[in-house]
1. Among the numbered criteria (1) surrounded by 13 or more Cβ atoms within 10 Å (Cβ to Cβ); (2) touching a strand residue (DSSP E or B) at 6+ places or on another chain (Cβ under 6 Å); (3) not acidic (Asp, Glu), which single criterion is violated by residue A:26?
2. Taking segment A:64-110, which residues are on the phi > 0 side of the Ramachandran plot and exposed (fewer than 14 other Cβ atoms within 10 Å of the Cβ)?
3. Mind listing whichever residues of segment A:28-66 are within 13 Å of chain B (Cβ to nearest Cβ) and farther than 25 Å from residue B:41 by Cα?
4. Across segment B:41-54, which residue is surrounded by the fewest Cβ atoms within 10 Å (Cβ to Cβ) among those that are part of a loop (DSSP other than H, G, I, E, B) and within 14 Å of chain A (Cβ to nearest Cβ)?
5. How many of the residues in segment A:67-110 are of a type in the set (Phe, Trp, Tyr) and more than 8 Å from chain B (Cβ to nearest Cβ)?
6. Scan the strands (runs of 3 or more DSSP E) fully inside segment A:52-91 and keep the ones with 1 or more residues being more than 17 Å from residue A:38 (Cβ to Cβ), free of Cβ contacts under 8 Å to residues at least 40 places away in the same chain and among the acidic types (Asp, Glu).
Amino acid sequence: SQQGEEDPQALSIQEGENATMNCSYKTSINNLQWYRQNSGRGLVHLILIRSNEREKHSGRLRVTLDTSKKSSSLLITASRAADTASYFCATPGAGNKLTFGGGTRVLVKP
Amino acid sequence: GAVVSQHPSWVICKSGTSVKIECRSLDFQATTMFWYRQFPKQSLMLMATSNEGSKATYEQGVEKDKFLINHASLTLSTLTVTSAHPEDSSFYICSAPRGLGAGAGELFFGEGSRLTVL
């Protein structure tokens, strides 16, 4: 079963707007990761946030982590059409295997 | 950055045939590789962990005789779908951590292989 639950499942925004997606998980973690997948392609690692970090930035990406609520959010600021993709959160589990959330499909309309 | 190459990117086969998918780490050694399966508009489901020099470990519900995994070297893992059936049609993706052991850091993914079984 999936460790992470993401919402929304799908998001449609205009170019220039911000996109926010959330991820909840169930067990204790030492880090949480976000990945991006373009349609029909492999996944690309975006950012890793450790359990002792509350916020992390990378370019137009901002990730937060609230371990007390077992949740994380990914914010994409000033979105572009090229940001259209599916975004997944992932958490390491037993044997350090990554388990992925259900994903959020983001459509950025030009 | 680290590169993982997966081949073929797509394959169409007849029911009952076997299909082999290769996953190579191009610029680093991977003692562990992970094989995932993804259905349309769904998330990735871990199928098995490929271990160089030892047997793969399979997730619950994954038939090891159906999905044969071989980790022949530190840069190559193969997944063979044996006696493929239409329900095996899916997107298969491999990944590898860069570093010792399985690690809990980032994974580097291949581009995926879309299998269609007629």
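1. Single failed check for residue A:26: (2).
2. A:78, A:95 - these are the residues of segment A:64-110 that are on the phi > 0 side of the Ramachandran plot and exposed (fewer than 14 other Cβ atoms within 10 Å of the Cβ).
3. So the first thing to find is which residues in segment A:28-66 are within 13 Å of chain B (Cβ to nearest Cβ), and the list is A:28-51, A:58.
Those that are within 13 Å of chain B (Cβ to nearest Cβ) and farther than 25 Å from residue B:41 by Cα: A:28, A:29, A:30, A:31, A:49, A:50, A:51, A:58.
4. Once the filter is applied, the top-ranked residue is B:54.
5. Quick first cut of segment A:67-110, residues of a type in the set (Phe, Trp, Tyr) only: A:87-88, A:100.
Checking which are more than 8 Å from chain B (Cβ to nearest Cβ) leaves us with A:87.
The total comes to 1.
6. Because the criterion is at least 1 residues that are more than 17 Å from residue A:38 (Cβ to Cβ), free of Cβ contacts under 8 Å to residues at least 40 places away in the same chain and among the acidic types (Asp, Glu), the strands (runs of 3 or more DSSP E) in segment A:52-91 that meet it are A:55-58, A:61-66.
Coordinate-derived values only; no laboratory data. All of these numbers come straight from a predicted model, not from anything done at the bench. When we count neighbours, we look across all protein chains shown, and the Cβ atoms used for this are built from the backbone with ideal geometry, even at glycine.
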